[in-house]
Amino acid sequence: MTNMAHSTVEKALAVNLDPLRYGTFAEIGAGQEVVRWFFQAGGAAGTIAKSISAYDMKVSDAVYGECRRYVSRERLEAMLDLEQGLNRQRLAEPRGSTTGFFTFADTVSARNYHGTNNCHAWLGLVFQHEPHADDSRLTLHVRLLDDTNAEQQHALGVVGVNLIYAAFNHADDPRQLLKSLSDNLSPGRIEIDLVDARGPAFADVDNRILSLHLVELGLTGAALFTADGTVVQSAEVLRKRPLLLQRGRFRPITHVNVDLLNSANATFCASPSVDPGSVVPIMEMSMHDLALDDEVCVADFISRAEVVATTGCTVMISDFREYHRLARFLVSQTNQPIGLAMGLETFARLFDESFYEDLDGGLLESFGRLFRNQLRLLVYPLLDSATGRLRTLDDLQLPTGHQHLLEFLRERGRVHAIKDVAEEHLNIHSPDVLAMIRTGDERWVECVPDAVAARIVEKRLFGYQR
């Protein structure tokens with residue numbers, strides 16, 4: 001397709017008129033909202049080999065096999081695999097030399113009658129970008145935010161058409177692909193918190209960069225991927241688990257970052273309410289820290305992601321500049337304890353009332369939002385550059401009213417001092433290490449873990465030159 005379509009009907013018609021495309025639509029929940037657009041656009045006989053809706057659970061299990069949850073990535077993958085396999089089996093001989101077969105599938109939980117369910121959907125497309133090609137795959141997780149079932153059905157149909165059109169037209173332009181997913185939908189109707197692209201059509205696409213763009217474009221507040229770069233939906237990793245998060249720039253990861261997380265974990269797990277074996281450690285980068293001169297440098301982001309990966313932690317990208325917004329997201333993901341690990345200077349800045357002028361209740365409202373459920377702050381000491389003395393939470397002196405608030409929070413177990421730290425690393429500062437890497441000062445190697453040094457050298461990160 002060379003003519004770029006815009007409206008949802010135009011996109012569906014453009015796909016219908018493309019002689020390369022032929023395949024199956026399989027939809028569970030909320031009706032057959034995606035395929036309906038292709039039937040209504042005209043020319044569907046040239047595109048749709050089959051449309052199926054195995055809505056009943058027993059019927060769905062009989063067709064696709066049993067699974068733990070019906071609105072899940074597991075069910076979506078089973079649908080895509082089975083239907084695309086049938087396309088290849090049944091259609092390869094009569095038209096395989098001229099056709100790129102595809103399967104679109106979705107499994108959806110739209111708003112129920114009582115409005116008590118979690119409204120979300122998994123959508124995916126498996127397709128051959130050219131005849132005889134291996135399959136490529138594009139997967140989305142979408143939150144449906146409209147108030148009514150009918151509105152959510154409409155949004156689902158539009159997103160499904162956008163996904164199919166984007167995969168066929170923008171596979172070589174990841175940012176445009178993501179931007180187009182919300183075409184013809186007003187802001188606030190959906191949230192897309194996962195996009196996973198793989199296969200020959202997306203050979204040059206890095207899913208970590210897709211996650212970055214999701215947040216940058218405002219399609220979601222937070223996106224996650226594992227240490228090996230696998231993108232994950234937040235509930236897959238965080239649900240019902242204790243969470244320990246460190247926010248930072250990580251340019252690069254130093255001994256201090258690692259010690260902060262390890263010592264914070266020891267403090268966090270000392271609580272009888274925390275199961276040490278279940279804690280999910282998270283390294284979080286906010287868009288505020290990722291943006292350089294108001295723009296995100298993708299190469300710089302990849303350097304940070306690569307060194308964070310050496311820690312084995314889950315990586316989170318968010319647009320939650322304020323800690324109370326970060327807390328709101330984390331509390332929505334788990335009912336287990338949450339620990340936010342931070343340095344003493346960062347903690348002290350939380351008491352700066354100028355940060356909360358947009359809140360009617362100012363500092364107190366912010367703290368009320370921050371300390372939700374079982375969330376606690378874990379505060380790491382610093383080395384005073386002027387005196388050479390270790391400064392801990394016990395040494396922090398705030399204005400009188402703020403000091404009383406701090407003492408109250410400590411008494412309630414919401415703020416904890418991190419102890420037993422590696423003091424020999426406290427004079428390491430990431431900006432100094434970054435400067436040494438870029439100027440060829442080999443002393444930087446002593447400031448970072450061996451795995452980080454090896455990754456920087458191997459992949460020429462942060463401007464490193466041998």
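Remarks
- Of everything in segment 297-347 that is over 30 Å from LEU390 (Cβ atoms) and among the basic types (Lys, Arg), the residue that is surrounded by the most Cβ atoms within 10 Å (Cβ to Cβ) is ARG325.
- Residue tally, condition in contact with a Lys or Arg (Cβ under 8 Å, 6 or more places away or on another chain) and of a type in the set (Gly, Ala, Ser), over segment 100-115: 1
- Within segment 421-442, the residues that satisfy the criterion of being under 17 Å from LEU461 (Cβ atoms) and not β-branched (Val, Ile, Thr) are SER430, PRO431, ASP432, LEU434, ALA435, MET436, ARG438, GLY440, ASP441, GLU442.
Here is a yes/no grid of residues against (1) open to solvent by 40 Å² or more (accessible area, probe 1.4 Å); (2) touching a Pro at 6+ places or on another chain (Cβ under 6 Å); (3) under 16 Å from ARG412 (Cβ atoms):
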{"position": "GLU353", "(1), (2), (3)": "yes, no, no"}
{"position": "LEU359", "(1), (2), (3)": "no, no, no"}
{"position": "LEU364", "(1), (2), (3)": "yes, no, yes"}
{"position": "GLN374", "(1), (2), (3)": "yes, yes, yes"}
{"position": "LEU377", "(1), (2), (3)": "no, no, yes"}
{"position": "PRO381", "(1), (2), (3)": "no, no, no"}
{"position": "LEU390", "(1), (2), (3)": "yes, yes, no"}
{"position": "LEU393", "(1), (2), (3)": "no, no, yes"}
{"position": "GLN397", "(1), (2), (3)": "yes, no, no"}
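- Residues in segment 45-75 that are over 21 Å from ARG21 (Cα atoms), touching a residue at least 40 places away in the same chain (Cβ under 8 Å) and out of contact with any His (no Cβ under 8 Å at 6 or more places or on another chain): 3 in all.
- Selection count, segment 134-164, where residues are out of contact with any strand residue (DSSP E or B) (no Cβ under 7 Å at 6 or more places or on another chain) and either more than 16 Å from THR103 (Cβ to Cβ) or surrounded by fewer than 24 Cβ atoms within 10 Å (Cβ to Cβ) (or both): 12
- Residue list for segment 70-83, restricted to those being part of a loop (DSSP other than H, G, I, E, B) and among the hydrophobic types (A, V, I, L, M, F, W, C): VAL71
- For segment 84-99, the candidate set comprises residues that are part of a helix (DSSP H, G or I) and touching a residue at least 60 places away in the same chain (Cβ under 8 Å); within that set, the residue that is surrounded by the fewest Cβ atoms within 10 Å (Cβ to Cβ) is ARG95.
- Check on ASP172, touching a residue at least 40 places away in the same chain (Cβ under 8 Å) and surrounded by fewer than 20 Cβ atoms within 10 Å (Cβ to Cβ): no
- Residue tally, condition part of a strand (DSSP E or B) and modelled with pLDDT of 95 or more, over segment 286-329: 5
The values are calculated or read from the model by the stated rules, or taken from the named source; none is laboratory data. This structure is a prediction, so every number in the text was calculated from the model and none was measured. Neighbour counts are summed over all protein chains in view; Cβ atoms, including those assigned to glycine, are modelled from backbone coordinates with ideal geometry. These area figures cover heavy atoms from the full protein model, side chains too; ligands, DNA and RNA do not enter into them. Shrake-Rupley method; radii C 1.70, N 1.55, O 1.52, S 1.80 Å.
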